[in-house]
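Everything on this sheet refers to the single structure shown next.
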Amino acid sequence: MIRLSVSDGKLQCQNPPPDRGWTICVSDVVLIAEYTTDEGPNRDDYFLVFITREQGELYYSNVTMYAAGIEESLTNLESVFGCSLDLTLHSSTKLNSRVVWPRELAGFPYFSYEQVVPHGLWEPLRTTVRGKQIESHVSESICEYLAKLIQPKPDQPKTDQPKTDQPKTDQPKTVQPETRQMQPRGLFRNQN
């Protein structure tokens, strides 16, 4: 059984065997979102994603909303963040998503959805049998927000280069969403 808990400033997701879980520092969390799929009721269809910034990289940690301890963990997080984490998608039966925290982004769509255009000989037939294929991507506005979090500040030297007394001549690079290092880690029930 999947269990979520908060203790000593860490959010921990456990599932036997122990190597399938994750632990993150609550202070590293930069965004929390909720999302639903259309795969219920036989599979989990309601999830939370915690995005953390760790050593200049973004990590995505997912957990099913059906995990044990989820309510207590959310209550603990609310006290740490000093605000209510309003979850509103619990009865959604379709693809849906929204940012829960930080407050200035709450309610914004987390994912954008697009229909996959069938190509080749077999994909149109597969679409006829299985139905429309939909892909989800982190929405552009959320990608822009996250990219700002990992961009080096103009007045700070890059951590991977030694400091020099020479003036900087190049402008900081803009980090595009597709080039950011976003490392997923997740834990879902019913996953093989």
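The values are calculated or read from the model by the stated rules, or taken from the named source; none is laboratory data. Fair warning: this is a prediction, and the values are worked out from it, not measured in the lab. Because the Cβ atoms are built from the backbone with ideal geometry, glycine has one as well, and the counts that use them run over all protein chains shown.
Table for the structure above
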quantity: Qualifying residue in region 45-59 (condition: hydroxyl-bearing (S, T, Y) and not in a strand (DSSP E or B)); calculated: no
quantity: Candidate set from region 14-57 (those that are surrounded by 13 or more Cβ atoms within 10 Å (Cβ to Cβ) and farther than 26 Å from S112 by Cβ); member that is modelled with the lowest pLDDT; calculated: R20
quantity: Unique match (being at pLDDT 90 or above and exposed (fewer than 12 other Cβ atoms within 10 Å of the Cβ)) among E104, E135; calculated: E104
quantity: Check on G69, under 28 Å from Q14 (Cβ atoms), over 15 Å from the mean Cα position of the chain (by Cα), of a type outside the set (V, I, T) and surrounded by fewer than 11 Cβ atoms within 10 Å (Cβ to Cβ); calculated: no
quantity: Residue match in region 20-28 (condition: out of contact with any Asp or Glu (no Cβ under 8 Å at 6 or more places or on another chain) and assigned to a loop (DSSP other than H, G, I, E, B)); calculated: yes
quantity: Lone unmet requirement of (1) touching a strand residue (DSSP E or B) at 6+ places or on another chain (Cβ under 7 Å); (2) more than 17 Å from C143 (Cα to Cα); (3) surrounded by 12 or more Cβ atoms within 10 Å (Cβ to Cβ) for L74; calculated: (1)
